[in-house]
Amino acid sequence: MAAELPALHADISAVTVSGVSSGGYMAVQMHVAHSAMVKGAGVIAGGPYYCAMGSVWTAYYNCMTPGWWTPLPRAAQLKSYTDNFAAAGRIDPTKNIAAAKVWLFTGTNDYTVQPEVVRELAAYYALYGVKAKLVADRPAGHGMVTDGAGNRDCTVTQEPYLNDCDYDAAGELLKHLLGPLRPPAMSGALREFDQGFVYVPKDCETERCRVHVAFHGCQQSGDRFPRDAGYNRWAETNRLIVLYPQVKASFFNPRGCWDWWGYTNAAYATKEGTQIRAVWAMLERLSAPRQSASAIVK
């Protein structure tokens, strides 16, 4: 049986988030919903906030592979929904978004979430005064882009959706979101808990550290993404705890995707959303007074 998430007295006043595919959409939702404390987002193969507007059809067609009959919802329309959610108090005030750092990636061989979707996310952030950094010149298929040997070839779209493109997306996005970083190394521990994994650098056992949340994509549950996506070695030398929450496959979510179209409830993109509330509770747990932690994954 997995242990509880450890309480590490973490600093969650300036959380950063990132994700790939459905995890990219989830990272955007987490950022927009909690923009007062989430200060930056890195998104790989994900699109604008509330793109699906509660429809699985819109999610699958308009927001992944848009076409003549299924056009991509435009940034201005989605900004209107965002502003309405904020006015109703369902997400944090949108004025916070302007100060955020945003890093985006789309692969030229990604036919699952097409590049124009990621470009519309850049346009969405621009409406709030954010000039996102967009990387769009790599021949990647659909997946997490890494420089790790043993992962899939860069151009393919295939499980485990970890593509070796000789490009360290995790490192690049962390440097953009957090500023200059110390060179990477590995000596901390990847720990399993009852709702995912968490990487805890050695320094963070006794010192207060920042937190980054990394959301996996569809069909990426388990420890492969936390181990091989590329975050941990940067986290180790930069006093950064990395939280890897996980989604389990279910009848309404057979591929284990994060909810960006409403399979959990209609409030999925707001602070009332089931998954957003769960992840925020994890962050609050990490920020609680320190205790000894266990369940180290060997």
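Every number in this text was worked out from the coordinates using simple rules, so none of it is lab data. Model, not experiment: these values are computed from the prediction. All Cβ positions, glycine included, derive from the backbone under ideal geometry; neighbour counts span all protein chains shown.
Can you tell me which of PHE252, PHE85, PHE193 moves the most in a GNM of the chain? Springs connect C-alpha atoms under 10 Å apart.
Between PHE252, PHE85, PHE193, it is PHE252 that shows the largest mean-square fluctuation.
What residues qualify as long-range amide H neighbours of SER35, i.e. H under 5 Å apart, gap of 5 or more or another chain, H built at 1.01 Å from N?
Hits under the 5 Å cutoff: ASP92.
Pick the calculated volume of the Cα convex hull per residue in Å³ for this structure from (1) 146; (2) 119; (3) 129?
Given (1) 146; (2) 119; (3) 129, the structure-derived one carries the label (2).
Would you tally the net charge around THR106, using a Cβ to Cβ cut-off of less than 11 Å, leaving THR106 out, and scoring K and R as +1, D and E as -1? Display every interim value, and only then the final one.
Numbers: positive: ARG119, ARG138; negative: ASP110, GLU116, GLU120, ASP137.
Net charge in that neighbourhood comes out at -2.
In the Gaussian network model of the chain, springs joining C-alpha atoms below 10 Å, which of SER80, SER21, SER221 carries the largest mean-square fluctuation?
SER80
Only bridges whose two residues both fall in the chain count here: according to DSSP, what percent of them are antiparallel, nearest 5? Spell out each step's value before the answer.
Working: 11 of 41 bridges.
Here the share of antiparallel DSSP bridges comes out near 25 percent.
Could you derive backbone 3J(HN,Hα) for the range 200-209 from the dihedral phi with the Karplus parameters 6.51, -1.76 and 1.60 (θ = phi - 60°), listing whole Hz in sequence and x where the residue is Gly or Pro?
After applying 6.51 cos²θ - 1.76 cosθ + 1.60, I find 10, x, 4, 4, 7, 5, 10, 10, 7, 10 Hz.
Past 31 Å, Cα to Cα: identify those pairs from LYS131/LYS271; LYS131/LYS248; LYS79/LYS133; LYS175/LYS202, in the order given. Kindly include the intermediate steps, with their values, before the conclusion.
Numbers: LYS131/LYS271 25 Å; LYS131/LYS248 34 Å; LYS79/LYS133 19 Å; LYS175/LYS202 20 Å.
Beyond 31 Å between Cα atoms: LYS131/LYS248.
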